[in-house]
Every structure is written in structure tokens, then in C-alpha cells.
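Peer 1: Sharing a structure below in C-alpha cells format, with a few things to ask.
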Amino acid sequence: MSQRMVSDLSSDLSGRRGPSYETLIGHVIGLTLAVAGLGILVSGVVDIWYDGPDVAVLLIVGALVTTAGYLGWRFTKLPRQIRILDVFVTVTLAWLVLMIVGALPYVLTGWIPAFDDAMFESISGFTTTGATVLRPIEATGPGVLFWRAVSQWMGGMGVIVLVVAVLPTVGSGGMSLLEAEAPGPTGERLTPRVRQTARRLWAVYIGFTVLLALAYMIAGMSLFDGVAHSFTTVSTGGYSPYSASLGHFDSAAIEWIAIAAMFLAGSSFTLLYRLIRGSPGPLLRSKEFRVYTAIVVGVTAILFFVNDATGSIADRIRGSFFTTTTVVSTTGYATDDFAGWSQAAQAVIMLMLPIGAMAGSTAGGVKLIRVLAIASYAHREALRHLHPRLVRPVRVGGAIVPDRTANKIVGFLVLALITFGGGAMVIALTGPDIVTSFSAAATAFGNVGPGLGDIGPTHDYLDLPRLARWVTMGQMLLGRLEIYPVILALSVVTLRRRHRTLHV
């Protein structure tokens, strides 16, 4: 069914004229707001269930946001031709609007009175970073705590991916929307139709969430804690209703469940889908998955031997495994204060903060597939010093990476280093020590959450100066959208402004 037929049918059913204004930005942002508003409404219902203090605010804000989003979506339609530049602008603007709206429950309930701090919490939530300025966490109303978890769950798989899944048709621009938001340098279709691919990814995501919530509750969590932690584990977000994070429960069973879930959430959801459908081969043959597994096991062994944590061998193994998985998957949960471990252990953690897990996962960071591609690229360039006429493709496992893709990866890593290094220097200029500054930049860009120094697992980001928090907000967004969409969107705005100036 074509978009025009869908519009005509909608007009006939409602008795009113259907959408007439063609705009990708308005259509996608409208539906994005509607989805966010529903999340706020559900949080209001949770507040009613647990007799919280913020019922009226959450329900009113949720209703207004949902209505505004529905109207924006209802009275617009997708253009026949979708340009790639419009996709980048749309995705960036949708995320900015989402983060502003996501801050409203914090501000209007009074739990985070300053709007920029509320924006920090919202950005950290939707980008699944897990850094927080909410203090104290346990004293916050249940509805707002649930909204924190919902924001991470939405941001994990991606709100735009959900929008593509429910749109009647997105045409050739649908894959561009997915690629602009989905983490990782590749956008693999599970089916020929983009909408069906988005739906299947969300089906795996929802099923994983439900199973994990049940596992957490069987291990001893309450219904609220089980659902909230399943949201923030599957999304590799790391928000917890407790300041002590998962350490609050002091349960080996819960920690092992979280370790397994974080490891799976850090792998590719497309490969997990194929595994569920009875095709384990693509996952087992994936070089990226094998490297990911080797890194988790290897770093766990290193941390076990170099950290100076106390306790039994079993506790130390579990603690090392948990810390490795939460850092590599960029989840950001904590059971131990690794900021107090040995300098060698902290150095290993610092190196792992910005790398991330597999492409196609909910994890942040650079992604292992880029690291593998760069290693192959560097090897080829080194060989060319000996053999200038050498023709050698860049490979990741058995797959050839086209030079065009390899060049984009090199460009991304250069921009990532500039973002990380420049941000770290600006943060250091605001006052924090060098360890805090560099770990704040690494953990913000990698969407991890806790870092070292003054932002360790037992601290929050209120210990950073306000300007430093603004810097980390920008790094969170750049890290989640992987730089290019934001930069290209800014370039489009700048070029249009110059064009208007020249014609005045």
C-alpha cells in the first residue's frame, strides 16, 4: 500500500482531510514525541501503583507530549524523495527534541530543579550512558525512577528504529534512518523490507527484556526492580534505582545473571536473531564475536591478578568478571569501587572505556569491528612501505571491507580522538584532576557512565563543574550517534545560514 493510499484511507476513516504537508523532520519528530509521551504516561501509572508523589505531573506531561507528537505526525507525511542530508538533520533534531522533553519529568516534579542538570540526566538516559546527577537516588519517586529506566530502554535499540518499525512506509530513506541512528558502521537487513528488519530487532529486544526481568525476579528482585534493571541491562544503560547500583542487592545470583545479560547485550542483535532462528553459524563464525569473547575473558584474567580487592577467590573472580563485562559492554553497573583498585587495574579499565563491544549491539564506544578494520588497514599500509604496488584489501575475518568504508572508519577514529582529547582538555581546564578529566571524556564518549577519580562508581557527576558537565553532554550525544550525523547536520545548518546571508 502506498503512502498516498494510506493517507486517503486515514482521511476517509476520520472524516477529515489527511496529512498534506510533506516533511521528514516533522513526521519523524512527531512520532518520536508520541513514543516518549507514552513512556512518561506509563511512568505516571507506575507512580499510581506505588503511591508515588508525582502522579499528576507525569500524567499531564505525558498526555501533552503524546498529543503534541500525535498531531505533528498526523498532519504531516513523508516526502516522496528523502535526501541523505535530510536524514542526518532529522535524526539529530529528533534526539535533541527527545532529550529536552525527557528532562521535563525531572524538572517539573522538582527532583532535579536546574534544567541543565535535568538535561544531563535525560541525555545520559537516552544515550544509555548511565552518568547521573540525581542525588539521592533512593529518595526519588518511583515514577521518575521508572522514567529513567524507560528512557534508557528506548535509547538502547533506538527510538528512530522504533519509529521506522511503525511507519506505514519509509521507502528508500528507511535504511538511511536506521544507519544514522543504529550503533556500528554497518546496517544489516534481516529482511528485504526495512520496516520488517526494524520490527524483528525490536522483537528480539523486547523478548530479551521480558526474559531478563523474570530472571531477576526469580533471583530475588521485586517486580519494580526486576523490570527497571532489565530495561537498563538490555540497553547497556546502567541506571539503577539505588546509589550502590547492583551492589545494593549483595547477591551472587543477580550478579551472574547481569554478567550473562550484559555480555549478550554487547553482541550483535542481528546475529542473536539468527541464533534464535536456529542459525548459530553466523555468530560463531564472526571474528568480531570471537575477539569480543576473548577480550572479556582476557581482561577478566588481568583484573583478577592485578587488582588488590579483598575477599574469596570466587568473589574476586565474580568481581573481575562483572567489572570487565560492565565496562566492555558500556553498561556502567557497579558492584565494586574499581576507582580504589591498583593503578595497573585502573589503567586497564581506562583503556577499555571508549572501545565498546560489537556493532549492532546496544553498547556505546568505538566498536570492535572498527578496531579490527583499522588494524587490517594499518597492516596493509605498513606492507606498502616495503611493496609500494601491493594490492591488498582490508579484511575483518573473511569479509572484505571496501576502501570507501575503511576510509570512513579512519575518518571516524580521527574525529573520535579529537572529541575525546579535546573534551578531556576542556574538562581539565575547569578544575578536575587529569585522571578524572580523561576518564570523564572516555566514559561520556563511550556511553559507559562511571569512570575513575571523582566520577568513580561511588560518585556522581555533580562533583564535576557545570561547564564540564556541558562538555560531557555533548560527548554523550556524539558518542551515541557516532559523530557523523551530528556534524553533517550542523554543516547543513551552517551552509543554509551562509546561503541566506549571501542572498540578503
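Peer 1: Identify, please: which residue in region 208-242 is free of Cβ contacts under 8 Å to residues at least 12 places away in the same chain and not polar (S, T, N, Q) and is, among those, farthest from residue 273 (Cα to Cα)?
Peer 2: Top of the filtered list is 223.
Peer 1: For residue 221, all conditions in the list (1) assigned to a loop (DSSP other than H, G, I, E, B); (2) surrounded by fewer than 19 Cβ atoms within 10 Å (Cβ to Cβ); (3) over 22 Å from the mean Cα position of the chain (by Cα) hold save one; what is the number of the exception?
Peer 2: Of the numbered conditions (1) assigned to a loop (DSSP other than H, G, I, E, B); (2) surrounded by fewer than 19 Cβ atoms within 10 Å (Cβ to Cβ); (3) over 22 Å from the mean Cα position of the chain (by Cα), the odd one out for residue 221 is (2).
Peer 1: Do we find that residue 421 is modelled with pLDDT of 85 or more, assigned to a helix (DSSP H, G or I), closer than 25 Å to residue 369 by Cβ and of a type outside the set (S, T, N, Q) in this structure?
Peer 2: Considered against the rule, which asks whether it is modelled with pLDDT of 85 or more, assigned to a helix (DSSP H, G or I), closer than 25 Å to residue 369 by Cβ and of a type outside the set (S, T, N, Q), residue 421 comes out as yes.
Peer 1: Which of the residues spanning region 391-412 are part of a helix (DSSP H, G or I) and either of a type in the set (Lys, Arg) or in contact with a helix residue (DSSP H, G or I) (Cβ under 6 Å, 6 or more places away or on another chain) (or both)?
Peer 2: 404, 406, 408, 409
Peer 1: In region 51-95, what count of residues is obtained for those that are of a type in the set (Ser, Thr, Tyr) and at pLDDT 95 or above?
Peer 2: Result for region 51-95: 2.
Peer 1: Something else now. Of the residues in region 105-117, how many are over 19 Å from residue 131 (Cβ atoms) and either in contact (Cβ under 8 Å) with a residue 60 or more places away in the chain or buried (at least 23 other Cβ atoms within 10 Å of the Cβ) (or both)?
Peer 2: Of the residues in region 105-117, 1 are over 19 Å from residue 131 (Cβ atoms) and either in contact (Cβ under 8 Å) with a residue 60 or more places away in the chain or buried (at least 23 other Cβ atoms within 10 Å of the Cβ) (or both).
Peer 1: Separate question: Looking only at region 425-467, count every residue that is in contact (Cβ under 8 Å) with a residue 60 or more places away in the chain, over 23 Å from the mean Cα position of the chain (by Cα) and assigned to a loop (DSSP other than H, G, I, E, B) and tell me the total.
Peer 2: The total comes to 0.
Peer 1: Of all the residues that make up region 57-92, how many are part of a helix (DSSP H, G or I) and crowded, with 17+ Cβ neighbours inside 10 Å?
Peer 2: Counting residues in region 57-92 that are part of a helix (DSSP H, G or I) and crowded, with 17+ Cβ neighbours inside 10 Å gives 18.
Peer 1: Also, quick follow-up: Within region 121-143, which residues are within 17 Å of residue 222 (Cβ to Cβ) and buried (at least 24 other Cβ atoms within 10 Å of the Cβ)?
Peer 2: Within region 121-143, 143 is the sole residue that qualifies.
Peer 1: Something else about it: From the set of residues in region 347-362 that are in contact with a Gly (Cβ under 9 Å, 6 or more places away or on another chain) and assigned to a helix (DSSP H, G or I), which is nearest to residue 289 (Cα to Cα)?
Peer 2: Here the residue is 352.
The values are calculated or read from the model by the stated rules, or taken from the named source; none is laboratory data. Only a predicted model underlies this, so the values are computations on that prediction, with no experimental measurement involved. Note that we place each Cβ from the backbone using ideal geometry, even for glycine, and neighbour counts take in every protein chain shown.
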